[in-house]
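Asks: Have a look at the structure that comes next, please.
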Amino acid sequence: MAPNPTTHPNRSERPAPSRSVRRTARPSDAEPSSTDLEAKARLVHDRLCAVYGCPIGYFHDLDPLSELVSSLLSHRTRNADSGRAFKALRQRFPDWGELIAADTAEVESLIHGVRWPEQKAPRIQAILKGVRERAGRLDLQFLAGMEPAEARAWLEELPGVGPKTSAAVLSFSTLRMPALPVDSHHHRVAIRLGLIAPDLAVGPSHPVLRAQLPADWSAQDLYDNHEVLMLHGQKVCYHRRPACERCTLADICPSAFKVS
Ligand code: SF4
(Lines give C-alpha, C1' and ligand atoms only; values in the text may rest on other atoms or scores of the structure.)
Protein backbone atom coordinates (compact mmCIF):
# COMPACT_ATOMS: atom_id res chain seq x y z
CA MET A 1 0.00 0.00 0.00
CA ALA A 2 1.32 3.45 -0.87
CA PRO A 3 2.14 5.78 2.02
CA ASN A 4 -0.08 8.80 2.44
CA PRO A 5 2.28 11.80 2.40
CA THR A 6 -0.50 14.18 3.40
CA THR A 7 -0.80 12.82 6.91
CA HIS A 8 2.53 11.11 7.62
CA PRO A 9 4.48 11.71 9.81
CA ASN A 10 2.18 14.33 11.39
CA ARG A 11 0.02 11.96 13.39
CA SER A 12 -1.85 14.73 15.17
CA GLU A 13 -3.62 15.69 11.96
CA ARG A 14 -7.24 14.67 12.07
CA PRO A 15 -8.67 14.40 8.56
CA ALA A 16 -12.43 14.74 8.26
CA PRO A 17 -14.19 11.44 7.59
CA SER A 18 -14.41 10.84 3.87
CA ARG A 19 -17.56 9.58 2.20
CA SER A 20 -15.94 6.19 1.70
CA VAL A 21 -15.11 6.00 5.41
CA ARG A 22 -18.67 6.85 6.37
CA ARG A 23 -19.92 4.19 3.97
CA THR A 24 -17.94 1.44 5.74
CA ALA A 25 -19.61 2.38 9.01
CA ARG A 26 -23.01 1.13 7.94
CA PRO A 27 -23.41 -2.61 8.43
CA SER A 28 -26.18 -2.78 5.85
CA ASP A 29 -23.73 -1.81 3.10
CA ALA A 30 -21.77 -4.24 0.96
CA GLU A 31 -18.35 -5.51 2.05
CA PRO A 32 -15.98 -2.49 2.41
CA SER A 33 -13.09 -2.39 -0.03
CA SER A 34 -9.48 -2.55 1.16
CA THR A 35 -9.14 1.15 0.29
CA ASP A 36 -12.10 1.98 2.52
CA LEU A 37 -10.57 -0.05 5.33
CA GLU A 38 -7.16 1.60 4.95
CA ALA A 39 -8.77 5.05 5.12
CA LYS A 40 -10.79 4.00 8.14
CA ALA A 41 -7.75 2.50 9.91
CA ARG A 42 -5.91 5.82 9.41
CA LEU A 43 -8.84 7.81 10.71
CA VAL A 44 -9.15 5.55 13.77
CA HIS A 45 -5.42 5.93 14.40
CA ASP A 46 -5.46 9.72 14.09
CA ARG A 47 -8.50 10.17 16.31
CA LEU A 48 -7.24 7.83 19.02
CA CYS A 49 -3.78 9.42 18.90
CA ALA A 50 -5.43 12.78 19.50
CA VAL A 51 -7.17 11.34 22.59
CA TYR A 52 -4.31 9.28 24.08
CA GLY A 53 -1.41 11.48 22.98
CA CYS A 54 0.99 10.01 20.42
CA PRO A 55 3.84 9.31 20.44
CA ILE A 56 3.25 6.93 23.34
CA GLY A 57 6.28 6.23 25.55
CA TYR A 58 7.68 2.71 25.46
CA PHE A 59 6.80 0.78 28.63
CA HIS A 60 9.73 -1.68 28.39
CA ASP A 61 13.43 -1.34 27.91
CA LEU A 62 14.33 -5.02 27.81
CA ASP A 63 16.80 -6.78 25.54
CA PRO A 64 14.98 -8.97 22.96
CA LEU A 65 15.58 -12.28 24.74
CA SER A 66 14.24 -10.92 28.02
CA GLU A 67 11.29 -9.41 26.14
CA LEU A 68 10.61 -12.86 24.71
CA VAL A 69 10.42 -14.31 28.24
CA SER A 70 8.25 -11.40 29.38
CA SER A 71 5.87 -11.81 26.44
CA LEU A 72 5.48 -15.53 27.07
CA LEU A 73 4.60 -14.83 30.69
CA SER A 74 2.08 -12.14 29.79
CA HIS A 75 -0.26 -14.29 27.70
CA ARG A 76 -3.80 -13.95 29.19
CA THR A 77 -2.32 -12.47 32.37
CA ARG A 78 -2.62 -9.05 34.00
CA ASN A 79 0.45 -6.85 33.50
CA ALA A 80 1.10 -6.60 37.24
CA ASP A 81 1.13 -10.40 37.66
CA SER A 82 3.35 -11.09 34.67
CA GLY A 83 5.67 -8.26 35.75
CA ARG A 84 6.03 -9.86 39.20
CA ALA A 85 6.73 -13.26 37.65
CA PHE A 86 9.34 -11.81 35.33
CA LYS A 87 11.08 -10.07 38.23
CA ALA A 88 11.09 -13.31 40.25
CA LEU A 89 12.68 -15.22 37.35
CA ARG A 90 15.26 -12.52 36.73
CA GLN A 91 16.28 -12.42 40.39
CA ARG A 92 16.58 -16.18 40.67
CA PHE A 93 18.24 -16.63 37.25
CA PRO A 94 20.34 -13.57 36.37
CA ASP A 95 21.63 -15.65 33.44
CA TRP A 96 18.80 -17.15 31.32
CA GLY A 97 21.01 -20.22 30.75
CA GLU A 98 20.49 -21.11 34.42
CA LEU A 99 16.73 -21.11 33.84
CA ILE A 100 17.08 -23.74 31.11
CA ALA A 101 18.89 -26.06 33.49
CA ALA A 102 16.61 -25.38 36.47
CA ASP A 103 14.05 -27.76 37.90
CA THR A 104 10.78 -27.04 36.04
CA ALA A 105 8.80 -27.28 39.29
CA GLU A 106 10.87 -24.43 40.72
CA VAL A 107 10.27 -22.29 37.61
CA GLU A 108 6.55 -23.02 37.85
CA SER A 109 6.48 -21.99 41.49
CA LEU A 110 8.33 -18.72 40.75
CA ILE A 111 5.73 -17.78 38.12
CA HIS A 112 2.67 -19.07 39.99
CA GLY A 113 0.89 -15.67 39.66
CA VAL A 114 0.51 -15.93 35.87
CA ARG A 115 -2.14 -17.92 34.05
CA TRP A 116 -1.21 -21.51 33.23
CA PRO A 117 2.18 -21.57 35.04
CA GLU A 118 2.35 -25.35 34.56
CA GLN A 119 2.37 -24.83 30.78
CA LYS A 120 4.44 -21.67 30.68
CA ALA A 121 7.34 -22.95 32.82
CA PRO A 122 8.34 -25.86 30.52
CA ARG A 123 7.53 -23.79 27.42
CA ILE A 124 9.86 -20.96 28.44
CA GLN A 125 12.63 -23.46 29.16
CA ALA A 126 12.10 -25.19 25.78
CA ILE A 127 12.02 -21.90 23.89
CA LEU A 128 15.20 -20.62 25.52
CA LYS A 129 16.85 -23.94 24.72
CA GLY A 130 15.65 -23.61 21.12
CA VAL A 131 17.14 -20.12 20.86
CA ARG A 132 20.50 -21.36 22.14
CA GLU A 133 20.53 -24.30 19.73
CA ARG A 134 19.51 -22.31 16.66
CA ALA A 135 21.37 -19.05 17.33
CA GLY A 136 24.43 -20.67 18.95
CA ARG A 137 24.01 -18.48 22.03
CA LEU A 138 21.39 -17.03 24.32
CA ASP A 139 21.04 -13.69 22.60
CA LEU A 140 18.57 -12.33 20.06
CA GLN A 141 20.34 -9.09 19.24
CA PHE A 142 21.25 -10.51 15.81
CA LEU A 143 17.59 -10.03 14.78
CA ALA A 144 18.40 -6.32 14.38
CA GLY A 145 20.28 -7.19 11.18
CA MET A 146 17.22 -8.82 9.58
CA GLU A 147 14.15 -7.43 7.87
CA PRO A 148 11.19 -7.40 10.31
CA ALA A 149 9.37 -10.17 8.39
CA GLU A 150 12.50 -12.35 8.42
CA ALA A 151 13.09 -11.73 12.13
CA ARG A 152 9.49 -12.62 12.94
CA ALA A 153 9.67 -15.79 10.85
CA TRP A 154 12.82 -16.81 12.75
CA LEU A 155 11.07 -16.33 16.07
CA GLU A 156 7.89 -18.10 14.96
CA GLU A 157 9.86 -21.21 14.14
CA LEU A 158 10.37 -21.62 17.88
CA PRO A 159 7.69 -23.94 19.30
CA GLY A 160 4.95 -21.93 21.04
CA VAL A 161 5.89 -18.56 19.54
CA GLY A 162 3.09 -16.98 17.50
CA PRO A 163 2.59 -13.65 15.72
CA LYS A 164 1.71 -11.72 18.88
CA THR A 165 4.90 -12.79 20.66
CA SER A 166 7.15 -12.25 17.64
CA ALA A 167 5.68 -8.76 17.09
CA ALA A 168 6.07 -7.94 20.80
CA VAL A 169 9.75 -8.94 20.76
CA LEU A 170 10.47 -6.71 17.78
CA SER A 171 8.33 -3.77 18.89
CA PHE A 172 8.60 -3.65 22.70
CA SER A 173 12.25 -4.67 23.17
CA THR A 174 15.28 -2.48 22.63
CA LEU A 175 15.25 -3.71 19.01
CA ARG A 176 12.47 -1.12 18.38
CA MET A 177 11.72 -2.68 14.99
CA PRO A 178 8.47 -2.02 13.08
CA ALA A 179 5.88 -4.66 13.96
CA LEU A 180 2.23 -4.54 15.03
CA PRO A 181 1.28 -6.69 18.03
CA VAL A 182 -2.46 -7.34 18.49
CA ASP A 183 -3.70 -8.13 21.99
CA SER A 184 -7.24 -9.04 23.05
CA HIS A 185 -8.31 -5.38 23.58
CA HIS A 186 -6.89 -4.29 20.23
CA HIS A 187 -8.58 -7.27 18.55
CA ARG A 188 -11.99 -6.58 20.15
CA VAL A 189 -11.98 -2.90 19.17
CA ALA A 190 -10.91 -3.74 15.60
CA ILE A 191 -13.83 -6.18 15.26
CA ARG A 192 -16.36 -3.69 16.63
CA LEU A 193 -15.10 -1.02 14.26
CA GLY A 194 -15.51 -3.38 11.31
CA LEU A 195 -11.78 -3.38 10.49
CA ILE A 196 -11.72 -7.18 10.66
CA ALA A 197 -14.36 -9.89 10.47
CA PRO A 198 -15.87 -11.02 13.79
CA ASP A 199 -14.65 -14.58 13.25
CA LEU A 200 -11.03 -13.66 12.49
CA ALA A 201 -8.91 -14.90 15.42
CA VAL A 202 -6.16 -12.84 17.05
CA GLY A 203 -3.30 -14.70 15.31
CA PRO A 204 -4.54 -14.32 11.73
CA SER A 205 -5.64 -10.72 12.43
CA HIS A 206 -1.99 -9.61 12.67
CA PRO A 207 -1.19 -9.46 8.92
CA VAL A 208 -4.67 -8.09 8.09
CA LEU A 209 -4.46 -5.16 10.52
CA ARG A 210 -0.83 -4.47 9.58
CA ALA A 211 -1.73 -4.35 5.86
CA GLN A 212 -4.32 -1.62 6.54
CA LEU A 213 -1.58 0.73 7.76
CA PRO A 214 1.03 2.47 5.58
CA ALA A 215 3.88 0.15 4.59
CA ASP A 216 6.52 2.73 5.52
CA TRP A 217 5.31 3.40 9.06
CA SER A 218 8.07 3.50 11.64
CA ALA A 219 8.39 1.30 14.72
CA GLN A 220 6.98 4.18 16.79
CA ASP A 221 3.96 4.62 14.46
CA LEU A 222 3.05 0.93 14.70
CA TYR A 223 3.67 0.86 18.43
CA ASP A 224 1.38 3.89 18.78
CA ASN A 225 -1.32 2.16 16.73
CA HIS A 226 -1.24 -0.91 18.95
CA GLU A 227 -1.12 1.13 22.14
CA VAL A 228 -3.99 3.48 21.32
CA LEU A 229 -6.29 0.63 20.24
CA MET A 230 -5.37 -1.31 23.37
CA LEU A 231 -5.88 1.75 25.60
CA HIS A 232 -9.24 2.40 23.96
CA GLY A 233 -10.28 -1.17 24.73
CA GLN A 234 -9.20 -0.75 28.35
CA LYS A 235 -10.67 2.71 28.97
CA VAL A 236 -13.74 3.06 26.70
CA CYS A 237 -14.57 0.07 24.50
CA TYR A 238 -14.96 -2.37 27.39
CA HIS A 239 -15.61 -6.05 26.86
CA ARG A 240 -19.11 -5.52 28.31
CA ARG A 241 -21.11 -2.31 28.08
CA PRO A 242 -18.64 -0.16 26.10
CA ALA A 243 -18.92 3.59 26.81
CA CYS A 244 -20.06 4.56 23.31
CA GLU A 245 -21.50 7.84 24.59
CA ARG A 246 -17.96 9.16 25.19
CA CYS A 247 -16.23 7.40 22.28
CA THR A 248 -14.46 9.53 19.69
CA LEU A 249 -15.19 6.83 17.09
CA ALA A 250 -18.95 6.49 17.59
CA ASP A 251 -19.85 8.15 14.26
CA ILE A 252 -17.76 5.65 12.27
CA CYS A 253 -18.41 2.55 14.38
CA PRO A 254 -21.02 0.05 13.14
CA SER A 255 -21.27 -1.37 16.69
CA ALA A 256 -21.94 1.97 18.43
CA PHE A 257 -24.71 1.66 21.05
CA LYS A 258 -25.37 -1.94 19.99
CA VAL A 259 -23.12 -3.90 22.41
CA SER A 260 -24.48 -4.70 25.87
S1 SF4 B 1 -18.53 3.35 19.49
FE2 SF4 B 1 -18.74 1.89 21.20
S3 SF4 B 1 -18.40 -0.14 20.29
FE4 SF4 B 1 -17.62 1.39 18.82
S5 SF4 B 1 -15.41 1.61 19.30
FE6 SF4 B 1 -16.51 3.18 20.45
S7 SF4 B 1 -16.91 2.26 22.47
FE8 SF4 B 1 -16.40 0.59 21.05
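Asks: Being within 16 Å of the ligand (Cβ to nearest atom), crowded, with 22+ Cβ neighbours inside 10 Å and of a type outside the set (V, I, T) narrows it down to one residue among L170, L222, L193; which is it?
Replies: Of the residues listed, the single one that is within 16 Å of the ligand (Cβ to nearest atom), crowded, with 22+ Cβ neighbours inside 10 Å and of a type outside the set (V, I, T) is L193.
Asks: If you don't mind, there's one more thing I want to ask. Among the numbered conditions (1) closer than 17 Å to D139 by Cα; (2) under 24 Å from the mean Cα position of the chain (by Cα); (3) touching a residue at least 40 places away in the same chain (Cβ under 8 Å), tell me where W96 comes up short.
Replies: In the conditions (1) closer than 17 Å to D139 by Cα; (2) under 24 Å from the mean Cα position of the chain (by Cα); (3) touching a residue at least 40 places away in the same chain (Cβ under 8 Å), W96 misses (2) alone.
Asks: Which one of these does S205 not meet: (1) surrounded by fewer than 19 Cβ atoms within 10 Å (Cβ to Cβ); (2) modelled with pLDDT of 95 or more?
Replies: Against the list (1) surrounded by fewer than 19 Cβ atoms within 10 Å (Cβ to Cβ); (2) modelled with pLDDT of 95 or more, S205 comes up short only on (1).
Asks: Further question on the same structure: Looking only at the stretch 68-82, decide whether some residue is without any contact (Cβ under 8 Å) to a residue 40 or more places away in the chain, in the same structural domain as P117 (by TED's automatic domain parsing) and of a type in the set (D, E, K, R).
Replies: Yes, the stretch 68-82 contains at least one residue that is without any contact (Cβ under 8 Å) to a residue 40 or more places away in the chain, in the same structural domain as P117 (by TED's automatic domain parsing) and of a type in the set (D, E, K, R).
Asks: If you go through the stretch 205-212 one residue at a time, do you hit one that is within 16 Å of the ligand (Cβ to nearest atom), of a type in the set (V, I, T) and within 30 Å of Q141 (Cα to Cα)?
Replies: Looking for residues that are within 16 Å of the ligand (Cβ to nearest atom), of a type in the set (V, I, T) and within 30 Å of Q141 (Cα to Cα), one finds none in the stretch 205-212, hence no.
Asks: Please determine, by comparing only the residues of the stretch 108-165 that are surrounded by fewer than 15 Cβ atoms within 10 Å (Cβ to Cβ) and aromatic (F, W, Y), which one is farthest from W96 (Cα to Cα).
Replies: W116
Asks: How many residues does the stretch 210-260 contain that are within 15 Å of K40 (Cα to Cα) and in a loop (DSSP other than H, G, I, E, B)?
Replies: Selection size over the stretch 210-260: 8.
Asks: Still on this model: Give the number of residues within the stretch 225-247 that are crowded, with 17+ Cβ neighbours inside 10 Å and either more than 16 Å from G53 (Cβ to Cβ) or within 8 Å of the ligand (Cβ to nearest atom) (or both).
Replies: Qualifying residue count, the stretch 225-247: 7.
Asks: Would you be able to tell me the number of residues in the stretch 173-212 that are of a type in the set (K, R) and without any contact (Cβ under 8 Å) to a residue 60 or more places away in the chain?
Replies: Here the count works out to 2.
Asks: Among the residues of the stretch 119-136, how many are in a helix (DSSP H, G or I), without any contact (Cβ under 8 Å) to a residue 40 or more places away in the chain and not acidic (D, E)?
Replies: Of the residues in that region, 10 qualify.
Asks: Could you tell me which numbered condition V182 fails, if it satisfies all but one of (1) of a type in the set (A, V, I, L, M, F, W, C); (2) assigned to a helix (DSSP H, G or I); (3) within 25 Å of E67 (Cα to Cα)?
Replies: If we test V182 against (1) of a type in the set (A, V, I, L, M, F, W, C); (2) assigned to a helix (DSSP H, G or I); (3) within 25 Å of E67 (Cα to Cα), just (2) comes out false.
The values are calculated or read from the model by the stated rules, or taken from the named source; none is laboratory data. Small disclaimer: the values here were computed from a predicted structure and weren't measured. Reconstructed Cβ throughout: ideal geometry from the backbone, glycine too, with neighbour counts over all protein chains shown.
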